[in-house]
1. From Cα pairs below 8 angstrom and at least 6 apart in sequence, can you work out the relative contact order of the chain, rounded to a whole percent?
2. Which label marks the calculated value of Kirkwood radius over Cα pairs in Å, given the options [x] 16.0; [y] 16.6; [z] 21.0?
3. For the chain, report the accessible area per residue in Å² (1.4 Å probe, heavy atoms, rounded to an integer).
4. Please state, to two decimals, what the Cα-based radius of gyration of the range 58-115 comes to when divided by 2.2 N^0.38 Å (N = residues).
5. Leaving out ligands, DNA and RNA, what percent of the accessible area of the range 90-159 is carbon and sulfur, probe 1.4 Å?
6. For the chain, what does -39500 (n - 2.57) per DSSP helix run (n ≥ 4), summed and divided by total residues, give at 222 nm, in deg cm²/dmol to the nearest 500?
7. Could you work out the Kirkwood radius for the range 7-98, taking every pair of different alpha carbons, averaging 1/r and inverting it, reported in Å?
8. Say the dipole of the chain comes from +1 at the beta carbon of Lys and Arg and -1 at that of Asp and Glu; which of CYS23, ILE143, ILE13 then lies farthest toward its positive end?
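The values are calculated or read from the model by the stated rules, or taken from the named source; none is laboratory data. What you see is a predicted model; the values in this text were computed from it and never measured. Cβ coordinates were reconstructed from backbone atoms using ideal geometry, including for glycine residues, and neighbour counts include every protein chain displayed. The area values use the complete protein model at the heavy-atom level, side chains included, leaving out ligands, DNA and RNA. Shrake-Rupley method; radii C 1.70, N 1.55, O 1.52, S 1.80 Å.
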Amino acid sequence: MIRRDKTNYYLDIAETVMQRSTCLRRNYGAIIVKNDEIISTGYNGAPRGRENCSDLKRCLRAELGVPHGERYELCRSVHAEANAIISAARNETLGATLYLVGRSAENGEIIAAMPCHMCRRMILNAGISKVICRKTADEYDIIDSDEWIKNDDSLELLK
């Protein structure tokens, strides 16, 4: 038996969490891990008490032709990263690692996941030190969240 490496093990768990996603366009799952313990999990879906897009059988962003990565204020969902952060205490997220997996809801293909600008801000405020994003079934990117501070791409919007 070949033992799965620990990073892909946690990404696989995030992928299982992703199966609860209710988005009609893209499904994401996230877990926060600290000291080899899962602190919290999250998937993208409507806020508690509101109907999910999968229940409504419609997506406003898709209907309006909004490209991926734009106009999140039109989306009903809370992102997987945000849901994982909301479910954890800040003292647990300080120095933790967030694992993120995404798939197309339309064809099931893995999406090279990357937190959006809003989620990056939440990750920084939560004190999460690393983000690991699945690229393929076995490949991933490791991002040191300090890089988002050093290379503040939000300053580009001010120019």
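1. That works out to 22 percent.
2. Correct label, based on the coordinates given: [x].
3. Per-residue accessible area for the chain comes out at 60 Å².
4. 1.36
5. On the way: 2040 of 4110 Å².
Exposed carbon and sulfur together represent 50 percent of the surface.
6. Values: 7 runs with 47 residues, N = 159.
It comes out at -7000 deg cm²/dmol, rounded to the nearest 500.
7. Numbers: mean 1/r = 0.0722 Å⁻¹.
Kirkwood hydrodynamic radius for the range 7-98: 13.9 Å.
8. Result: CYS23.
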